[in-house]
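For reference, the structure discussed in these notes is given below.
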Amino acid sequence: MESLLDNGMGELVRWFIVLTVALAVAVAAVCGVRMLVQTILRHMVNREYSVSIPSSMKVRRNHTGLSTGRFRMGYPAWSSPKRDGTRDLRTNDTRIIHHPTVIIIDGWQLSVKDPFEAYDLVLALRSSGHALALCPEEQRKHEYLTELARRRAAATSVARIVDMFKDRPTDFEWFCVDLFRTLGWRARPTPPSRDGGYDLSMVRSDGVTYIAECKCWSPRHHVGRPIIQKLHGANVVVRARGMMVVTTSLFSQDAIAYAEQAGVELVDGDGLMELCRRAWGLIPPSFVPAGSVRLTRGEIMSRIPADMRGRY
């Protein structure tokens, strides 16, 4: 009896091994067929559009009914993120969800997990003369650059600048950021909730640090000494090497005298217009060049969680 049981168990084990091997062979065959199909499809797209298709890209025929010549960027994300997108260390869920970029062009749908590979393909397709509509990120960048161009074109006089920002005077800070960036400075506005007594943090092209205050006031309303004192007081903490007040107006004599003592640079309305002419010329263009909406590596990277960027 024991011999029969041993023979039966041995037979079951042999059948189990045979079935396991057969299943593994079948799975390998299916994977091999899929890889072969993908290789053929990538070769077809490559020949049709004269672009190099990454081996990581999945290709299939487009049967979704969506419009052609479009794409939507996808980015990786943690399955359990914190508010800033980084992984929540309070959980054991460490999965990364890869949202693929999907490109639909003519009868093809292309998808890939790496956003940089995807965007390189988008640029290659466009360079080869194939139209792809702007993705949402490019559309927002186009709207932003269009607004900058409009403001630059309108900055032909102090009166026009004052009129441009009369309803939203805090936007004048962003106007100054754009101005100084065009002149070669690194500039960023101070968050409103943490003003600290100044509006801009700047670094000149030679590395000299500055803080600046921006006042979009009517020329009839002169900037007085208290504004200069406030900026000088803020720099006791910041310790920037330079300080600057930029205004569309003029400075009172008391403000000018104090600025000379405190080492604060003053840019009045006339000085502002001179900076605008140096940055954008006498007649700034009011249009956005087609290539300027192209996403930079930094712009793409900014949409990837900070603790995941080392992977790219």
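No lab work stands behind these numbers, since they all come straight from the coordinates. Keep in mind that what you see is a predicted model, and the values were worked out from it rather than measured. Note that each Cβ is placed from the backbone with ideal geometry, even for glycine, and that neighbours are counted across all protein chains shown.
In degrees between 0 and 90, to the nearest 10, how far off the longest principal axis of the chain does helix 136-154 point, with axes built from Cα atoms? Between helix and principal axis, roughly 10 degrees. The packing ranking of peptides 289-297, 222-230, highest mean first, is 222-230, 289-297, where packing means the average number of other beta carbon atoms within 10 angstrom of each residue.
Place +1 on the Cβ of every Lys and Arg and -1 on the Cβ of every Asp and Glu in region 78-160, take the dipole about the Cα centre, and give the residue among Leu121, Gln109, Ala155 whose Cα lies farthest towards its positive end. Ranked along the dipole, the leading option is Ala155.
Please work out the FRET efficiency for the pair Asp206 and Arg277, using the Cβ-Cβ distance as r and a Förster radius of 30 Å; give the result to the nearest 0.05. Write out the running numbers ahead of the final one.
On the way: r = 22 Å, r/R0 = 0.73.
The value I calculate is 0.85.
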